[in-house]
Amino acid sequence: MYPPRQMSDGKKKEAYSDRGFGTIAIHAGQEPDPGTGAVVPAISLATTFSQVSPGVKHGTDLPNSFGKGFEYSRTGNPTRGAFERAMAAVEHGQFAVSFASGLAATSAIVHLLETGQHVVIVDDVYGGTQRYFRMVVKPTYDIDFTFVDFNDPSALDAAFQPGRTRLVWLETPTNPTLKVSDVAATAALAKKHGALFVVDNTFLSPYFQNPLDLGADMVVHSVTKYIGGHSDVVGGVVVTNLPKVHEKLRFIQNSVGAVPSPFDAYMALRGLKTLHVRMEAAARNALAIARHLEQHAGVARVLYPGLPSHPQYALAQKQQHGSGAMITFYVRGALHNARRFLETLQVFILAESLGAVESLAESPAIMTHASVPAEVRRTLGIDDTLVRLSVGIESLPDLIEDLDRALEAAGAATA
Ligand SMILES: *Cc1c(COP(=O)(O)O)cnc(C)c1O
């Protein structure tokens, strides 16, 4: 199916880009090995590659080397190249650059900035991203951040500092309150201010949302979540259509060196192949569970973008291809009721993280978002009774039965 097609505007187009998601996820970057015919990419462990003559590299004709050939594995690795080409294709980008974790990908994007510049960032951004920005980037690089509610247009507009704001950082839906923000409108605003616009698309995965199509300059993923999908690999990736940004990220990837191992790249690629099937199944379970919880007497409120009661339901329907499999809800009562709920669950595992085949439940106030200052948690609505579910692909009746039993125990719990 390779080489890439030439488009009318002279740009090269990935040969798979006209295909359906499942075809792309399974085949892009993963053509049978030209030497052996192996139908899955080799886990290429070599750290160094022989050269034809000094400076002339092997593999320049292989698409997964991006025309550069291979010399040293931090600089370029065949397994990693396969994963990057597959990721670019499923996220509708020309280029993908992968990293050892989602936060390593985030830090590579921050390396695009210079001291004194400014970032506009969504207020309930992932806790680890917030910690990195507040406690590492600000004090070390003197790069300033304004955390703002992207659904408050006047506050968002006021957050920009003319001449200084260089980056806009959005997550939609957010974590853990699943607030949905307008990607296309934010792209226009970022453009007006001459800032690069990045969307963390971890929560929906490329199967349910493609921010580059809506005007984003970069998409970042924690591969650790839906793309890996089995709670067994940590990774990150940035996808872009901008050649200059790609060039810089590639330089940073090699210069900083936070690369995924060949085995990690293989695991991520293996996960990606079933992303569409897992996302369909998990989202189907999630919608049924959200509906069930919404009419349950032990639940005060449910937040799920696929419910008409969600504050940005219409926007979610417009810009997403699906509602995802994350649900946030408030257990009726106080902390001790929520605690009993989480302790009683048997099928849902009490654990941080998300996006895998097994269902997880957690308390953001005590677990994932404990490092967020208490007053910030309050304004974001992260109170003690809030529970976050990452719905997996187990049998639905077992998940519902588990939740019902735990809610009953929560209701009976005394302080
Ligand atoms: C987990 C996560 C990250 C960080 O990714 P790691 O792979 O854990 O470094 C970033 N953003 C979101 C939305 C996440 O869920």
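Quick look at the values:
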item: The stretch 102-123: number of residues that are farther than 19 Å from LEU189 by Cβ and within 16 Å of the ligand (Cβ to nearest atom); result: 9
item: Filter result for THR115 (assigned by the TED database to the domain that holds SER261 and within 15 Å of the chain's Cα centre (by Cα)); result: no
item: Where GLY257 falls short, out of the listed (1) surrounded by fewer than 19 Cβ atoms within 10 Å (Cβ to Cβ); (2) more than 14 Å from THR106 (Cα to Cα); (3) assigned by the TED database to the domain that holds ILE43; (4) not aliphatic (A, V, I, L, M); result: (2)
item: Where HIS296 falls short, out of the listed (1) within 27 Å of HIS118 (Cβ to Cβ); (2) not in a helix (DSSP H, G or I); (3) not charged (D, E, K, R); result: (1)
item: Enumeration of residues in the stretch 100-125 that are under 18 Å from PRO211 (Cβ atoms), in contact (Cβ under 8 Å) with a residue 60 or more places away in the chain and either out of contact with any helix residue (DSSP H, G or I) (no Cβ under 7 Å at 6 or more places or on another chain) or not in a loop (DSSP other than H, G, I, E, B) (or both); result: GLY102, ALA105, THR106, ALA108, ILE109, VAL120, VAL125
item: Those residues of the stretch 380-406 which are closer than 12 Å to PHE348 by Cα, among the small types (Gly, Ala, Ser) and more than 21 Å from the chain's Cα centre (by Cα), in sequence order; result: SER395, ALA406
item: Residue, nearest to the ligand (Cβ to nearest atom), within the stretch 224-271, restricted to residues that are charged (D, E, K, R) and part of a helix (DSSP H, G or I); result: ASP264
item: Members of the stretch 141-159 found to be farther than 16 Å from PHE197 by Cα and either in a helix (DSSP H, G or I) or within 16 Å of the ligand (Cβ to nearest atom) (or both), listed by number; result: TYR141, PRO153, SER154, ALA155, ALA158
item: Filtered residues of the stretch 6-53 (kept if part of a strand (DSSP E or B), at pLDDT below 95 and surrounded by 13 or more Cβ atoms within 10 Å (Cβ to Cβ)); result: LYS13
item: Hits in the stretch 383-402 - residues which are assigned to a loop (DSSP other than H, G, I, E, B) and either crowded, with 23+ Cβ neighbours inside 10 Å or touching a helix residue (DSSP H, G or I) at 6+ places or on another chain (Cβ under 8 Å) (or both); result: ASP383, ASP384, THR385, VAL391, GLY392, ILE393, GLU394
item: Qualifying residue in the stretch 131-140 (condition: within 15 Å of the ligand (Cβ to nearest atom), on the phi < 0 side of the Ramachandran plot and crowded, with 22+ Cβ neighbours inside 10 Å); result: no
item: Only one of THR129, THR202 that is under 28 Å from ALA25 (Cα atoms), hydroxyl-bearing (Ser, Thr, Tyr), modelled with pLDDT under 95 and not assigned by the TED database to the domain that holds SER390; result: THR129
item: Residue list for the stretch 332-357, filter: among the acidic types (Asp, Glu) and within 16 Å of the ligand (Cβ to nearest atom); result: GLU352
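The values are calculated or read from the model by the stated rules, or taken from the named source; none is laboratory data. The structure displayed is predicted, hence computed values, not measured ones. Note: ideal-geometry Cβ built from the backbone for every residue, glycine included; neighbour counts use all protein chains shown.
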